[in-house]
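The values are calculated or read from the model by the stated rules, or taken from the named source; none is laboratory data. Every value quoted in this text rests on a predicted model; they were computed, and no experiment measured them. Glycine also receives a Cβ, built like all others from the backbone with ideal geometry; neighbour counts cover every protein chain displayed. These accessible areas exclude ligands, DNA and RNA; they are computed on the full protein's heavy atoms, side chains included. Shrake-Rupley method; radii C 1.70, N 1.55, O 1.52, S 1.80 Å.
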Amino acid sequence: MNDHYLAFANSALGRALVEGLGLPRPPVLERYTAGQPAFSVGDCLIGMTAGGRLCEQAGHILAAQNQSVWILDQDPARTAISACELQAQTLHTESMEGTRLKTVVFDASGIATSADLQELHRFFHPIIRQIAECGRIVILGHIPEQLDSAARTAQRALEGFTRSLGKEIRKGATAQLIYVGNGAEKQMESSLRFFLSPKSAYVSGQVVRIYASNHLAAVDWRTPLAGKVALVTGASRGIGAAIAHTLARDGAHVICLDVPQAEKELRAVAEAVQGSAMMLNICDAKAPQQIAAQVMSQHQGLDIIVHNAGITRDKTLGRMNRDLWNMVIDVNLASEERINDALLAAGALRHNARIICVSSISGIAGNLGQTNYATSKAGVIGMVQSHAQAYAEQGITINAVAPGFIETAMTAAIPFAIREAGRRMNSMSQGGLPVDVAEAIAWFANPASGGLQGNVVRVCGQSLLGA
């Protein structure tokens with residue numbers, strides 16, 4: 001669906017008019033296209049606090065991409081990355097006029113007291129105006145729950161800083177916080193690649209936890225899902241179709257599943273991604289066992305399952321009958337629980353498998369007239385968080401994405417005023433695209449993402465609603 005205001009505001013005439021009237025100008029977001037470099041192209045700045053433990057590993061990842069980086073004068077990062085074969089140049093704070101930083105990585109893992117939080121101001125104050133359009137900022141920290149009380153307090157403070165930073169930089173730039181647990185340093189690469197690339201165009205202000213994992217997979221980053229089998233529910237259109245296309249682009253064989261009524265559209269998607277189609281109502285009593293049996297007989301199991309299928313039946317609670325309530329809960333939540341149980345019971349999830357769920361910002365912030373939908377999507381988040389540890393012990397990860405306002409046929413039917421509010425009430429001043437959700441799912445699906453467990457990442461342009 002076209003966003004006519006975005007197009008007008010970025011035209012020659014529209015830009016002058018919008019700026020003259022003081023209206024917001026939504027930036028044209030840079031999104032990934034096949035063949036692009038892994039990271040956003042442009043000047044990269046790396047920095048750290050004293051005692052940081054993650055800067056060197058980040059430096060190795062940047063060096064592998066032949067990144068030329070800047071380091072602020074007298075920043076401890078120079079010593080940390082001395083062995084990384086990076087072409088490090090000094091950026092002097094008094095002479096940065098005209099500098100445009102495309103990517104910034106700051107290792108804040110050494111912040112151990114509230115007094116140490118001044119390091120955030122020391123590093124970011126002189127550079128904040130130099131962030132380029134569609135720039136990328138990643139702050140690295142330590143999982144607070146693994147620290148003593150003082151350090152835990154200080155590391156938790158990074159969340160407020162990161163989210164506020166994301167709202168200040170604007171211009172389509174993003175800011176993220178990656179907490180890296182003890183022993184998880186080598187699990188950082190897939191997340192750095194995602195957050196420092198155009199693939200994360202509509203993700204900002206997010207906090208991710210990476211845990212130590214025994215599953216450190218070597219991947220071909222051009223086709224990281226080569227040889228993998230993925231099942232995507234609700235794949236006939238919209239976000240589901242975008243997920244299928246993105247996973248196939250990354251090398252997976254995609255099984256596209258949807259209800260029999262969508263057979264024509266579903267087969268078209270399956271053919272386009274050179275995958276296969278499965279017509280099935282996931283709420284049928286026998287559906288979970290049928291899915292498990294079919295993937296075992298035809299593919300000897302699954303590497304990835306994406307629970308994307310979902311419905312809305314919106315009414316205020318006083319006007320909602322029991323059938324509408326039960327229908328939404330069953331499709332959006334209970335069916336996912338039953339399918340996961342059936343796949344596990346049949347041994348249909350392979351070693352280092354990925355379960356990825358599609359929640360919603362409604363499950364975080366709630367929404368008028370969506371008590372059933374918000375309940376189901378909050379339940380999805382609960383399922384991810386409650387099962388994370390048990391699944392980790394079986395070598396399986398479970399994570400979720402929570403989309404905000406995404407331009408689909410469903411949002412096109414929303415009344416104009418509400419639709420415009422949904423588009424503009426975020427740091428990007430626009431709606432996201434189905435591919436934005438799909439890229440986040442592909443990141444979770446990557447074999448190198450084994451340290452990502454129990455995360456819920458919003459794909460919402462840093463919406464003003466929710467946390």
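Computed with the Debye formula from one identical point scatterer per Cα of region 241-321, without solvent, the log10 of I(q)/I(0) at q = 0.13, 0.25 Å⁻¹ comes to -0.47, -1.33.
In this structure, the amide hydrogen of Ile255, modeled 1.01 Å from its nitrogen in the peptide plane, lies closer than 5 angstrom to those of Ala230, Leu231, Val232, Ser276, counting only residues at least 5 positions away or on a different chain. Computed from the alpha carbon positions, the gyration tensor of region 362-425 leads to an equivalent ellipsoid with semi-axes of 31, 13, 9 Å, biggest first. Where only DSSP H runs of four or more residues are counted, the chain gives -11000 deg cm²/dmol as its mean residue ellipticity at 222 nm, each run worth -39500 (n - 2.57).
For Leu452, the residues whose modelled amide H falls within less than 5 Å of its own, excluding neighbours fewer than 5 places apart on the same chain, are Tyr211.
Among beta bridges from DSSP that stay inside the chain, the antiparallel ones total about 5%.
3J(HN,Hα) along region 286-296: 8, 4, x, 5, 5, 4, 4, 5, 5, 6, 6 Hz, from the Karplus curve 6.51 cos²θ - 1.76 cosθ + 1.60 with θ = phi - 60°, whole Hz, x for Gly and Pro.
What percentage of the solvent-accessible surface of region 281-402, computed with a 1.4 Å probe over protein heavy atoms, is contributed by carbon and sulfur atoms?
So the carbon and sulfur contribution to the accessible surface is 50 percent.
Principal-axis analysis of the Cα atoms of the chain puts helix 12-21 at an angle of about 80° to the longest axis.
With contacts defined as alpha carbon pairs under 8 Å and 6 or more residues apart, what's the relative contact order of region 383-457 in percent? Walk me through the numbers on the way to the answer.
Values: 70 pairs, mean separation 35.2, N = 75.
Once normalised by length, the contact order is 47 percent.
Once backbone amide H atoms are built at 1.01 Å from N, Ile131 has Leu101 as its partners under 5 Å, excluding neighbours fewer than 5 places away on the same chain.
Normalised by the number of residues in region 152-226, the average gap of Cα pairs under 8 Å and 6 or more apart makes the relative contact order 36 percent. Our compactness index for region 1-89, the C-alpha radius of gyration over the empirical 2.2 N^0.38 Å, is 1.61. A value for log10 I(q)/I(0) by the Debye sum over Cα atoms at q = 0.06 Å⁻¹ was derived from the coordinates, and within the list (1) -0.48; (2) -0.26; (3) -0.32 it appears as (2).
With every protein chain in place and a 1.4 angstrom probe, the accessible-area ranking of Asp284, Asp116, Asp107, largest first, reads Asp284, Asp116, Asp107. Which shape class, rounded, prolate or oblate, goes with region 55-177 when its Cα gyration tensor gives a ≥ b ≥ c as root eigenvalues, a/c under 1.5 marks rounded, and past that a/b bigger than b/c marks prolate? Cα axes put region 55-177 in the oblate bin. Here each label is just a point 7 Å from Cα along the line to Cβ, and for Glu133 and Glu19 those points are 1.0 nm apart. Tell me whether region 114-264 comes out rounded, prolate or oblate; compute the Cα gyration tensor, take square roots of the eigenvalues as a ≥ b ≥ c, and use a/c under 1.5 as the rounded threshold. Prolate. Sorted largest first by accessible area at a 1.4 angstrom probe radius, with every protein chain in place, the residues Lys186, Lys102, Lys199 fall in the order Lys186, Lys199, Lys102. Note on Arg122 and Thr99: their simple-model spin labels are 1.7 nm apart, each label 7 Å out from Cα toward Cβ.
Axis angle, to the nearest 10 degrees, between helix 238-249 and the longest C-alpha principal axis of the chain: 70 degrees. Please determine, in degrees from 0 to 90 and to the nearest 10, the orientation of helix 263-272 with respect to the longest principal axis defined by the Cα atoms of the chain, where the helix direction is its Cα long axis. Tilt of helix 263-272: around 40 degrees.
Considering only alpha-carbon pairs that sit under 8 angstrom and 6 or more positions apart, the relative contact order computed for the chain is 15 percent. In terms of the Cα gyration tensor, with a ≥ b ≥ c the square roots of its eigenvalues, is region 320-467 rounded because a/c is under 1.5, prolate because a/b exceeds b/c, or oblate? Taking the square roots of the gyration eigenvalues as a ≥ b ≥ c, region 320-467 is oblate. Other residues lying with their Cβ under 14 Å from the Cβ of His60 contribute a combined charge of -2, Lys and Arg counting +1, Asp and Glu -1.
Note on Glu168: accessible area is roughly 130 Å² with a 1.4 Å probe, heavy atoms of protein only.
With a simple spin-label model that places each label point 7 Å from the Cα along the Cα-to-Cβ direction, the separation between Asp220 and Glu145 comes to 3.7 nm.
Whole-Hz Karplus values for region 418-430 come out as 5, 4, 5, 4, x, 5, 8, 8, 7, 5, 9, 6, 6 Hz, taken residue by residue from phi with 6.51 cos²θ - 1.76 cosθ + 1.60 and θ = phi - 60°; glycine and proline positions read x. Counting lysine pairs in the chain that sit 8 or more residues apart in sequence, or on different chains, and whose Cα atoms lie under 25 Å apart gives 13.
Across region 370-381, rounded Karplus estimates of 3J(HN,Hα) from the backbone phi angles (6.51 cos²θ - 1.76 cosθ + 1.60, θ = phi - 60°) give 10, 4, 5, 5, 4, 4, 5, 6, 5, x, 4, 4 Hz, Gly and Pro being marked x. All other residues whose Cβ lies under 10 angstrom from that of Pro224 are scored, Lys and Arg at +1 and Asp and Glu at -1, for a net of +1. The listed residues Thr397, Thr316, once ranked by accessible area (1.4 Å probe) with the largest placed first, stand as Thr316, Thr397.
The trypsin sites (Lys or Arg not before Pro) of region 262-341 that DSSP puts in a loop, and whose beta carbon has at most 12 other beta carbons within 10 Å, are Lys286.
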